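The structure under discussion appears below in the form of structure tokens.
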Amino acid sequence: MKHGLTLAAMIAAIALHFPAHADERMDGLKKMNVEGCESVIELDKTAPKDPKLAKPYCTCVYDTYFDNFTQAEKNNMFLGTPAPPNMQKNLQSRLQAAQAACRKKVESRS
């Protein structure tokens, strides 16, 4: 879901300007990405097709995605430090892995 990664990058850039603690900013990023994911869920070919699964799927994806950020990735996002090697590629792979795992997890519960 390229829309989700683009949204995450855009929100991360905005989050640099908030004076809040990094954990609070990560929570804000999760929330905004979950809401964004839910609003474009029909565009995500990997998402469950049942609309009732949109919120649990999106929540799972972005909890999993953001909870696995390394400290170096957080520092890059919030402090403007140099990006770790292959950061964009790693983030894209991590998002795709979260989507696949969460789809299985959410659909197995329904």
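Residues in segment 91-110 that are open to solvent by less than 40 Å² (accessible area, probe 1.4 Å) and among the hydroxyl-bearing types (Ser, Thr, Tyr): how many?
Residues meeting the conditions: 0.
Looking only at segment 63-78, filter to residues that are open to solvent by 80 Å² or more (accessible area, probe 1.4 Å) and without any contact (Cβ under 8 Å) to a residue 24 or more places away in the chain; which one of those is nearest to Lys31 (Cα to Cα)?
Asp67
Considering segment 79-90 alone, what residues qualify as being part of a helix (DSSP H, G or I) and either open to solvent by 50 Å² or more (accessible area, probe 1.4 Å) or at positive phi (or both)?
Listed by number, the residues that qualify are Leu79, Gln88, Lys89, Asn90.
Please go through segment 42-58 and give me each residue that is buried (at least 19 other Cβ atoms within 10 Å of the Cβ) and closer than 21 Å to Asp27 by Cβ, ordered by number.
Selection gives Ala54, Tyr57, Cys58.
Helices (runs of 4 or more DSSP H) wholly in segment 2-71 with at least 3 residues that are modelled with pLDDT under 85 - which ones?
Ranges flagged: 2-15, 22-39.
State which residue pairs qualify: first residue within 16 Å of Arg94 (Cβ to Cβ) and inside segment 34-62, second residue aliphatic (A, V, I, L, M) and open to solvent by 50 Å² or more (accessible area, probe 1.4 Å) in any location, beta carbons under 8 Å apart, and separation of 6 or more residues or different chains.
The qualifying pairs are Thr46/Ala100; Cys60/Ala101.
How many residues are in contact (Cβ under 8 Å) with a residue 60 or more places away in the chain and either in contact with a helix residue (DSSP H, G or I) (Cβ under 6 Å, 6 or more places away or on another chain) or over 15 Å from Met26 (Cα atoms) (or both) if we restrict to segment 81-95?
2
The values are calculated or read from the model by the stated rules, or taken from the named source; none is laboratory data. Computed from a predicted model, the values in this text were never measured in an experiment. Here the Cβ is made from the backbone with ideal geometry for all residues, glycine too, and neighbour counts use every protein chain on show. Surface areas here come from the heavy atoms of the whole protein model, side chains and all, with no ligands, DNA or RNA. Shrake-Rupley method; radii C 1.70, N 1.55, O 1.52, S 1.80 Å.
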